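The block underneath contains the structure these notes are about, expressed in structure tokens.
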Amino acid sequence: MGVKDALAEKTGTKGEVKLTKSMSIADMIKAMKPEIEKALPKVITPERFTRMALSALNTTPKLQECSQMSFLGALMNAAQLGLEPNTPLGQAYLIPYKNHGKLECQFQIGYKGLIDMVYRNDNIQTVQAQCVYENDVFEYELGLEPKLVHKPAIKDRGEMLLVYALWKAKNGGYGFEVMSKEDIDNHAKRFSQSFASSFSPWKTNYEEMAKKTVIKKCLKYAPLKSDFVLQLSNDESVKSELSVDMSEVVNEQEPIDADYQEVSQEAPDDTGTAEAVNNQGTAE
């Protein structure tokens, strides 16, 4: 089941649900309550969903200008993943950005949300990421006998140079990944359409987002459940349909060379270019 975005230029009808472009998000949630109830996990009621929506709109008022269905799709992503969006917890973010002149809402998993999701895999014992600064002692080797040593400086650590992430399974298996700050920035510019937005967590929580990027690369080699991999495909996505499984809904944002405008109060007309997700369908 699903409700397509019928709000582009005219009134849309889906069964008994009548939607108009002038509807507020709260009114739209009420109108679509039966569809929303079907898609919500059992632990979240429509009332709780509405409170999450209003809270996100209060913390980021610009979301009120996004297409209603992209906002609801992003919020449904968060609800199905059990993550609280746009709160100090840093679990998930709903980010407004312009795509071909249309303001959309992009869903993005936060660093703490990703950690929480990883630990839902019973065979994972440890997952973590650390930043390395210029005055730290850091050494790593790859190959048949990999090595990873990090001794943080007690004070005056200097500028951030690297980020590494590691995981360890309960059976003793492990893996790690190391990325330079330059590589992380290039990766974010390439895969995160909202990277340049003033509302992006890359602006407010850079280190945590850098850690998240390296963790996602590291986890490609971890023994994770297939449903986790599917859930991760919702990251960095724009959806305009609700479903009992949001990972099955097609990502509406342009996959390659999508022109977007930075959504910023200071410079609303700034433009940039965003590229897309990797071959597995997950942006990091």
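The values are calculated or read from the model by the stated rules, or taken from the named source; none is laboratory data. Note that the coordinates shown come from a computational prediction; the quantities given were computed from them, not determined experimentally. Cβ: placed from backbone, ideal geometry, glycine included. Neighbour counts: every protein chain shown. All accessible areas refer to the heavy atoms of the entire protein, side chains included, with ligands and DNA or RNA removed. Shrake-Rupley method; radii C 1.70, N 1.55, O 1.52, S 1.80 Å.
For region 1-52, give me each residue that is at pLDDT 80 or above, touching a Leu at 6+ places or on another chain (Cβ under 9 Å) and open to solvent by 70 Å² or more (accessible area, probe 1.4 Å).
Matches in region 1-52: LYS38, ARG48.
Just one of (1) modelled with pLDDT of 95 or more; (2) open to solvent by less than 70 Å² (accessible area, probe 1.4 Å) trips up VAL118, so point out which.
In the conditions (1) modelled with pLDDT of 95 or more; (2) open to solvent by less than 70 Å² (accessible area, probe 1.4 Å), VAL118 misses (1) alone.
With LEU94, LEU103 as the choices, which residue is touching a Leu at 6+ places or on another chain (Cβ under 8 Å), in contact (Cβ under 8 Å) with a residue 12 or more places away in the chain and not in a helix (DSSP H, G or I)?
LEU94
Restricting to region 63-78, count the residues that are assigned to a helix (DSSP H, G or I) and either without any contact (Cβ under 8 Å) to a residue 40 or more places away in the chain or surrounded by fewer than 20 Cβ atoms within 10 Å (Cβ to Cβ) (or both).
4
Working only within region 192-230, note down all residues that are open to solvent by 10 Å² or more (accessible area, probe 1.4 Å), within 19 Å of PRO96 (Cβ to Cβ) and not in a helix (DSSP H, G or I).
PHE195, ALA196, SER198, PHE199, ASN205, listed by residue number.
State which residue is surrounded by the fewest Cβ atoms within 10 Å (Cβ to Cβ) when the search covers only region 135-179 and only residues that are small (Gly, Ala, Ser) and in contact (Cβ under 8 Å) with a residue 40 or more places away in the chain.
GLY173
Quick test for you: out of VAL132, VAL149, VAL178, VAL127, pick the one residue that is in a strand (DSSP E or B), of a type in the set (A, V, I, L, M) and within 20 Å of the chain's Cα centre (by Cα).
The conditions single out VAL127.
In region 88-114, which residues are open to solvent by 30 Å² or more (accessible area, probe 1.4 Å) and in contact with a helix residue (DSSP H, G or I) (Cβ under 8 Å, 6 or more places away or on another chain)?
Hits for region 88-114 are LEU89, GLN91, TYR111, LYS112.
Can you find even one residue in region 133-146 that is more than 20 Å from GLU207 (Cα to Cα), modelled with pLDDT under 95 and aliphatic (A, V, I, L, M)?
yes
Would you mind stating whether MET179 is of a type outside the set (Gly, Ala, Ser) and closer than 16 Å to PHE107 by Cβ?
When the stated conditions are applied, MET179 does not pass them.
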